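Asks: Have a look at the structure that comes next, please.
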Amino acid sequence: MNDQPVLNVTFFRTDAGRLPVQQWLRSLNKADKKVIGRDIHFVQFRWPLGMPLVRKIETDLWEVRSRLSSGRISRVLFTIGGDEMVLLHGFIKKSQKIPQTDLNVARDRKNLWQSRRTVDE
């Protein structure tokens, strides 16, 4: 593995200062946190990646696909800007497709993050 990360990982921050993905991760058990953290770390150091770990959902939106304990599957949706990987939304997958509500949350956060970035530049 590279000594230096290709991407810097950050958590999306709401206008109220919350870090929703970080809060979601804290709600998981230690073993599941470790698996998801390892997978995100792998993406951070080996970007760009494809299946089976990373899948592009649409323009500027990807998912990290992690297999958890008890056969569960998690998804962490993220976007990339420059050398920054922004974790937008995390959830435990319960169906084949990404639920529309989860996809909408990630899209809204991505759009908000991108608009903030444009203002800051």
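Since every read-out is calculated from the coordinates, none of them should be taken as a lab result. Owing to the predicted nature of the structure, the values given are computational and were not obtained by experimental measurement. Because the Cβ atoms are built from the backbone with ideal geometry, glycine has one as well, and the counts that use them run over all protein chains shown.
Asks: In segment 62-119, what residues are closer than 18 Å to Ala16 by Cα and of a type in the set (Asp, Glu)?
Replies: Once the filter is applied, which keeps residues that are closer than 18 Å to Ala16 by Cα and of a type in the set (Asp, Glu), segment 62-119 yields only Asp108.
Asks: I need the full set of residues from segment 108-119 which are under 15 Å from Val76 (Cβ atoms) and either of a type in the set (Lys, Arg) or touching a Lys or Arg at 6+ places or on another chain (Cβ under 6 Å) (or both), in order please.
Replies: Hits for segment 108-119 are Arg109, Lys110.
Asks: All but one of (1) over 27 Å from Arg116 (Cα atoms); (2) out of contact with any strand residue (DSSP E or B) (no Cβ under 8 Å at 6 or more places or on another chain); (3) not hydrophobic (A, V, I, L, M, F, W, C) hold for Thr59, so report the exception by its number.
Replies: (1)
Asks: A further question on this structure: Can you tell me how many residues within segment 6-44 are closer than 25 Å to Gln114 by Cβ and either loosely packed, with under 11 Cβ neighbours inside 10 Å or polar (S, T, N, Q) (or both)?
Replies: Total satisfying the criteria: 9.
Asks: Hey, Asp3 hits all of (1) assigned to a loop (DSSP other than H, G, I, E, B); (2) surrounded by 15 or more Cβ atoms within 10 Å (Cβ to Cβ) but one; which does it fall short on?
Replies: The one condition Asp3 does not meet is (2).
Asks: Spot the failing condition for Gly90; the list is (1) farther than 17 Å from Arg117 by Cβ; (2) without any contact (Cβ under 8 Å) to a residue 40 or more places away in the chain, and only one is missed.
Replies: Tallying (1) farther than 17 Å from Arg117 by Cβ; (2) without any contact (Cβ under 8 Å) to a residue 40 or more places away in the chain, Gly90 fails exactly one: (2).
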